[in-house]
Structure formats: C-alpha cells, structure tokens
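S.K.: Submitted below is the structure of interest, expressed as structure tokens.
The values are calculated or read from the model by the stated rules, or taken from the named source; none is laboratory data. Since we're looking at a predicted model, the values are computed, not measured. Please note: Cβ atoms are built from the backbone with ideal geometry, for glycine as well, and neighbour counts cover all protein chains shown.
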Amino acid sequence: MKTYLFVSKIRIQTALAYRFNVISTILIQCLIMYALSCFWVAAYGGTDTVSGVSQGDMITYTIISVIMGNLLTMGVQNRIANSVRSGSVALDLLKPISIYGIYLAEDLGDCAVAFFQKAIPLLLVGTVLFGFPAPASLLHFLLFLFSFGIGYFINWILAALLGICAFKIYRIGPLANAKGFIMKLLSGSMIPLWFFPAGFQKFLELLPFMHIYQLPLGIYIGQYNMNDILFRTVLQLFWCAALWLLFDVLQKKMAAAILIQGG
C-alpha cells in the first residue's frame with residue numbers, strides 16, 4: 001500500500017507542474033458548463049418540470065456533471081497501450097507489484113489534483129453564474145459520494161479493458177474515440193436518460209454506463225427515492241464486480257501469452 005500511495009504522491013507533484021494546461025482546461029470546461037446550462041434554460045422555455053425534473057435541478061445536474069467529467073478522466077488506457085508499443089510491458093508484468101495497481105494509483109493521484117485544480121474552480125464559477133448547486137439533502141449527498149466512488153471504479157475498469165485491447169490491436173485511438181462517444185451518449189453525462197423513450201431508457205439502465213454519471217447525478221438532485229437508490233446501487237455494485245472479474249481474466253490471459261512468447 002505504501003508503494004501505491006507513493007506513486008499517487010508522485011503523480012500529484014507531476015500534475016501540479018502543468019499550470020497552463022490546468023488554466024486552459026478550466027476555461028474550456030466553464031464554457032461547456034455555461035453553454036449546456038443555457039441550453040437547458042432554453043429547452044425548458046419557462047416550463048416548471050419535465051419528466052419530473054425542474055429547470056433548477058437540471059442546472060445543478062449540469063454543473064455537477066461537468067465537475068465529475070474532470071474527476072473521471074482516466075489515463076490507464078494510454079499507459080497500457082504505450083507500454084505495449086514500447087515493449088516494456090513484459091518487464092512491467094514481472095515486477096513484484098501489480099502494474100495495474102500502479103496505473104490505478106496514478107489515476108487516483110490525477111483525480112486528487114483535479115479536485116483542487118479543476119473541480120473547486122468550476123464549482124465556484126457555477127455558483128456565481130447560476131447559484132450554488134445544492135444536493136437534495138445531506139443524506140443524498142453522502143449517497144452520491146458512495147455512488148460516485150463505485151462509478152469511478154467502473155469507469156476505470158472500462159478504460160483498462162480498452163487499454164488491454166492494445167495487446168491485439170496496435171492503435172486503440174479509434175476505439176477510444178468510439179468509447180468516448182458512447183460514454184457521452186449512454187451514460188447520461190450530457191442528456192439524462194429519463195429524457196429518452198421509455199423502452200430505450202429501460203434498455204440503457206441495464207448497461208454499466210449509466211452507473212458512472214446518471215445514477216450519482218440522479219441521487220444528488222433527488223430524482224430517485226430510497227428504494228430506487230438501493231436497487232440501483234446493488235446493480236451498480238454488480239457491474240463493478242462483473243467488470244473487474246472480466247478484466248482480471250483477460251489481463252491474466254494477455255500476460256500469460258506475452259510471458260510465454262518472451263515479450
């Protein structure tokens with residue numbers, strides 16, 4: 001554990017060195033947040049509620065979604081792909097510590113930096129422009145944090161699964177672009193799933209993507225009652241465990257193939 005904490009610390013120190021990148025990212029994210037919020041104001045057009053969600057709740061949903069997007073940025077897929085292309089993956093797999101644990105520690109370090117460098121400034125800007133995006137209650141906020149944590153690991157595992165595709169595919173760029181598009185469309189990060197047709201919505205709720213954004217955000221604004229939260233959280237935990245099992249099996253097969261072939 002000390003090794004992984006040290007890796008996270010190094011990652012935090014490295015990320016703090018790139019100030020221009022942070023400033024430019026904040027400016028772009030502020031523009032996105034403002035544009036999306038204005039879109040929802042125009043879309044509601046003075047209507048009090050749509051699908052049981054008020055305009056104010058949608059503004060809160062948008063602000064928190066943009067903040068989450070900065071915390072859920074993963075580098076594991078690129079790190080795996082780079083190690084495969086450079087040929088260092090065979091030596092990495094022989095190390096006495098889990099290389100994937102190192103990648104996770106690095107991403108957690110990036111997330112910690114993003115919280116202070118990006119999330120807090122975005123929250124302040126959103127508060128100035130549209131008012132403080134308060135949760136439905138303290139309990140809903142605590143449940144949101146728990147759900148966000150599980151969603152973080154689901155997102156990380158999906159990124160890691162994409163990364164190990166590099167063992168079979170030389171360039172994963174097109175797959176990464178497709179994943180990003182699918183994530184934005186099906187996770188509810190931009191458009192909540194409750195605005196989709198009922199049949200399509202039920203289908204999407206069976207997939208893992210909505211558990212990354214839609215579920216935590218729905219909990220935050222109080223869209224779900226406690227029974228729904230319990231059921232959906234259990235389903236979220238199931239997806240987290242199932243995806244981790246799939247990743248564990250696949251990465252072991254890839255590692256065995258590399259070591260057998262000699263790297």
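S.K.: Scan region 199-249 residue by residue and report those that are in contact with a Lys or Arg (Cβ under 7 Å, 6 or more places away or on another chain) and farther than 14 Å from Ser189 by Cα.
M.R.: Tyr224
S.K.: Run down Met183, Met210 and say which single residue is aliphatic (A, V, I, L, M), over 23 Å from Gly75 (Cβ atoms) and touching a residue at least 12 places away in the same chain (Cβ under 8 Å).
M.R.: Exactly one residue qualifies, and that residue is Met210.
S.K.: Same structure, new question: Only one of Met183, Met190 is closer than 22 Å to Ala114 by Cβ, outside any helix (DSSP H, G or I) and either among the hydrophobic types (A, V, I, L, M, F, W, C) or touching a helix residue (DSSP H, G or I) at 6+ places or on another chain (Cβ under 8 Å) (or both). Can you tell me which?
M.R.: It is Met190.
S.K.: Still on this structure: From Ile67, Ile59, which residue is touching a Lys or Arg at 6+ places or on another chain (Cβ under 9 Å), within 21 Å of Met210 (Cβ to Cβ) and hydrophobic (A, V, I, L, M, F, W, C)?
M.R.: Ile67
S.K.: Right, here's the next one. Kindly indicate which of Leu139, Leu158 is buried (at least 20 other Cβ atoms within 10 Å of the Cβ), part of a helix (DSSP H, G or I) and on the phi < 0 side of the Ramachandran plot.
M.R.: On the way: Leu139 fails: buried (at least 20 other Cβ atoms within 10 Å of the Cβ).
Going through Leu139, Leu158 in turn, the sole match is Leu158.
S.K.: While we're here: Find all pairs meeting these conditions: Cβ atoms under 8 angstrom apart; at least six residues apart or on different chains; first residue within region 59-70 and more than 14 Å from Leu31 (Cβ to Cβ); second residue among the polar types (S, T, N, Q).
M.R.: Taking only residues 6 or more apart or on different chains, the pairs are Ile59/Ser37; Ser65/Ser189; Met68/Ser189.
S.K.: Quick check on Gly46: is it outside any loop (DSSP other than H, G, I, E, B) and either surrounded by fewer than 23 Cβ atoms within 10 Å (Cβ to Cβ) or hydroxyl-bearing (Ser, Thr, Tyr) (or both)?
M.R.: So Gly46 does not fit the description; no.
S.K.: One residue is enough: does region 94-116 have a residue meeting the conditions among the basic types (Lys, Arg) and assigned to a loop (DSSP other than H, G, I, E, B)?
M.R.: First, the residues of region 94-116 that are among the basic types (Lys, Arg): 95.
When the remaining residues are screened for being assigned to a loop (DSSP other than H, G, I, E, B), the result is 95.
Yes, that holds for at least one residue.
S.K.: Here's another thing I want to ask about it. Could we say that Pro192 is touching a strand residue (DSSP E or B) at 6+ places or on another chain (Cβ under 8 Å) and more than 16 Å from Met74 (Cβ to Cβ) here?
M.R.: yes
S.K.: Then there is this: Does any residue of region 54-63 turn out to be under 29 Å from Leu175 (Cα atoms), touching a helix residue (DSSP H, G or I) at 6+ places or on another chain (Cβ under 7 Å) and either modelled with pLDDT under 90 or among the β-branched types (Val, Ile, Thr) (or both)?
M.R.: The answer is yes, given that some residue of region 54-63 is under 29 Å from Leu175 (Cα atoms), touching a helix residue (DSSP H, G or I) at 6+ places or on another chain (Cβ under 7 Å) and either modelled with pLDDT under 90 or among the β-branched types (Val, Ile, Thr) (or both).
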